[in-house]
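J.: Handing you a structure now.
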Amino acid sequence: MPRKIQEALDGWDSRRSTELYGINAWSNGYFNITSDGHVAVKLRNSNGAVNVKLWEIIQGLGERGMRLPLLLRFSDLLGSRMALINECFQRSIDEYSYQNVYRGVYPVKVNQQQQAVRDVVSFGAAYHHGLEVGSKAELIIALATLRDPEAFLVCNGYKDAEFIDLALSSLKMGLQTMLVIETPDEFSLINERARLMGVKPRLGLRVKLSSRAGGKWTESGGDRSVFGLTARQAIEVGDQMREQGMLDNLEMLHYHVGSQIPNIRDIRVAIAEAARVYVGLCQEGARMGVLDIGGGLAIDYDGSRTNFPSSANYGVAEYCADVVEGILQVCVQAGVPHPIIISESGRALIGYYSVLLMNVLDTARLSVNELPSNL
């Protein structure tokens, strides 16, 4: 074996493994490499934080007859992320003297499995963290899981009569259900079903902002995106509500400029534009009271803390502060009461929650004769 390679292997230790794989950069403190070279997850028990080696978990599962590949879910990590997002928003609200609250919602589409949704609702109960749905199946999941009368249930996506009836029924059950209008025709159908059921609907408008965000899902934002109402369509729907005497039913503005937004500047620009639209609706006589900023809170997957698509040049605390400050500034200038803030963070909430373990399927080796001569 060439001398340089032998020297590198002789000096190898857990510190160099940590540097090579960048685990401290991307793991957010949830994972690390132990002194004996094993990957470990940091969990909590009655005595505080404890390192658990993934290899020990594999051995224990093997003794019970389970074999790789295996998907492990660490509820502690989900609980930690839930606390981090909600408490960062609360600190920003206190720091800026924001005169309302934060209420997050988890997009069920991110992980629809029972255990994931149940854990979100369980850990989110202390913060009145709700759910966001975009289909009848997801709405049924939410109705079977959510019980908190202070948590929001945001209904996005295509809505037929059955979807609307389910959502209106959840209002009768005491849930804070928001039916978000995404196409011009939806208002008429919602109004018709609400009158038949004798329910006063709580409505939101999803608008297409001109602001766009970088990243892998940039096409989901901008004024040419598929989902949401253009400015003209939003005005037309507002006029229909006025004619029907239903401006009092319009409580929420919603927008979504993308997922995994790596650049905090894009988030700031979108917040400022959306807040101005919100203020305009208030000034037109709509009831309002809620601003849903959608998703976008990114995870720094590669640990570079940059505006690359797989990274983020900001942290959760900075994100929350910029959201609160951005909405506050526009509302104060217009003399409009501060709205309840809703965000729809999915990956940022459960991205660290599950780990797929699998065997090494194959390896590639080089013989000494195949190595470059300059080594």
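The values are calculated or read from the model by the stated rules, or taken from the named source; none is laboratory data. The shown structure was predicted, so the numbers you read here are calculated from the model rather than taken from an experiment. Quick reminder, even Gly has a Cβ in these numbers, built from the backbone with ideal geometry, and neighbours come from all protein chains shown. With ligands, DNA and RNA removed, areas are computed over all heavy atoms of the protein, side chains included. Shrake-Rupley method; radii C 1.70, N 1.55, O 1.52, S 1.80 Å.
J.: Which order, highest average first, do 322-328, 251-257 follow once you tally other Cβ atoms within 10 Å for each residue and take the mean per peptide?
T.: Numbers: 322-328: 21.0, 251-257: 25.3.
Ranked from most to least packed, the peptides come out as 251-257, 322-328.
J.: Another one. Would you tally the net charge around L349, using a Cβ to Cβ cut-off of less than 12 Å, leaving L349 out, and scoring K and R as +1, D and E as -1? Numbers along the way, then the final one.
T.: Numbers: positive: R81, R347; negative: D119, E132, E344.
In short, -1.
J.: Run through the DSSP bridge list for the chain and note the antiparallel percent, rounded to the nearest 5. Please list the in-between numbers first.
T.: On the way: 13 of 38 bridges.
Expressed as a percentage, antiparallel bridges in the chain total about 35.
J.: Also, I was wondering about something else. With a 1.4 Å probe and every protein chain left in place, tell me how much accessible area M173 has, in Å² to the nearest 10.
T.: Only protein atoms counted, so the area is about 120 Å².
J.: If the only charges are +1 at each Lys and Arg Cβ and -1 at each Asp and Glu Cβ, what is the size of the charge dipole of the chain around the Cα centre, to the nearest 20 debye? Kindly include the intermediate steps, with their values, before the conclusion.
T.: Values: 37 positive and 42 negative charges, 92 e Å.
In debye, rounded to 20, the chain gives about 440.
J.: May I pose another question? Shape of the chain from its Cα gyration tensor (a ≥ b ≥ c, root eigenvalues): rounded if a/c is under 1.5, otherwise prolate when a/b > b/c, or oblate?
T.: On the way: a/c = 2.35, a/b = 1.92, b/c = 1.22.
Here the chain falls in the prolate category.
J.: Using the Cα gyration tensor of region 105-184, with a ≥ b ≥ c the square roots of its eigenvalues, what is the shape: rounded (a/c below 1.5), prolate (a/b larger than b/c) or oblate (neither)?
T.: Working: a/c = 1.85, a/b = 1.43, b/c = 1.29.
Taking the square roots of the gyration eigenvalues as a ≥ b ≥ c, region 105-184 is prolate.
J.: Here's something else I'd like to know. For the chain, give the percent of accessible area contributed by carbon and sulfur heavy atoms, probe 1.4 Å, rounded to a whole number. Could you put the intermediate results ahead of the total?
T.: Numbers: 9470 of 18610 Å².
About 51 percent, which is the carbon plus sulfur part of the accessible surface.
J.: How charged is the neighbourhood of S122? Take every other residue with its Cβ under 11 Å from the Cβ of S122, and add Lys/Arg as +1 and Asp/Glu as -1. Each step should come with its number before you reach the end.
T.: Values: positive: R118, R147; negative: D119, D148.
Overall, the nearby charge balance is 0.
J.: Sort by residue number and name the cysteines in the chain that have no neighbouring cysteine Cβ under 4.7 Å.
T.: That list is C155, C282, C331.
J.: Here is the link list: K42/K109; K109/K208; K53/K136. Which ones come out longer than 30 Å on Cα distance? Show your work: numbers first, answer last.
T.: Working: K42/K109 27 Å; K109/K208 21 Å; K53/K136 40 Å.
The pairs that break the limit, which is 30 Å between Cα atoms, are K53/K136.
J.: Bin all alpha-carbon pair distances of region 242-306 at 5 Å intervals from 0 and give each bin's fraction as a whole percent.
T.: Calculated over all Cα pairs of region 242-306, the distribution is 4, 16, 22, 17, 14, 10, 8, 5, 3, 2, 0 percent.
J.: So if each residue of separation counts as 0.36 nm, and I subtract the Cα-Cα distance between R242 and K200, what length gain in nm does that give?
T.: On the way: separation 42, 0.36 × 42 = 15.12 nm, distance 1.52 nm.
My answer for the length gained is 13.6 nm.
J.: Sticking with this structure for a sec: Rounded to the nearest whole Å², what accessible area per residue is found for the chain with the 1.4 Å probe?
T.: On the way: 18610 Å² over 375 residues.
So the chain comes to 50 Å² accessible per residue, rounded to a whole number.
J.: Let me check something: with ligands and nucleic acids excluded, how do R276, R81 order by accessible area (1.4 Å probe), largest to smallest? Walk me through the numbers on the way to the answer.
T.: On the way: R276 145, R81 5 Å².
Correct descending sequence by accessible area is R276, R81.
J.: Choose one answer from G315, G11, G157: the residue with the largest mean-square fluctuation in a GNM of the chain with alpha-carbon springs under 10 Å.
T.: Looking only at G315, G11, G157, the largest GNM fluctuation is found for G11.
J.: Would you work out the relative contact order for the chain, in percent, from Cα pairs under 8 angstrom that are 6 or more residues apart?
T.: Working: 670 pairs, mean separation 69.5, N = 375.
Dividing the mean separation by the residue count of the chain yields 19 percent.
J.: While we're looking at this one, here's another question. Which of rounded, prolate, oblate describes region 165-211, given a ≥ b ≥ c as roots of the alpha-carbon gyration tensor eigenvalues and a/c under 1.5 marking rounded, otherwise prolate only if a/b is larger than b/c? Before the final figure, lay out each step's value.
T.: Working: a/c = 3.58, a/b = 1.67, b/c = 2.14.
Since a/c reaches 1.5 but b/c is at least a/b, the shape of region 165-211 is classed as oblate.
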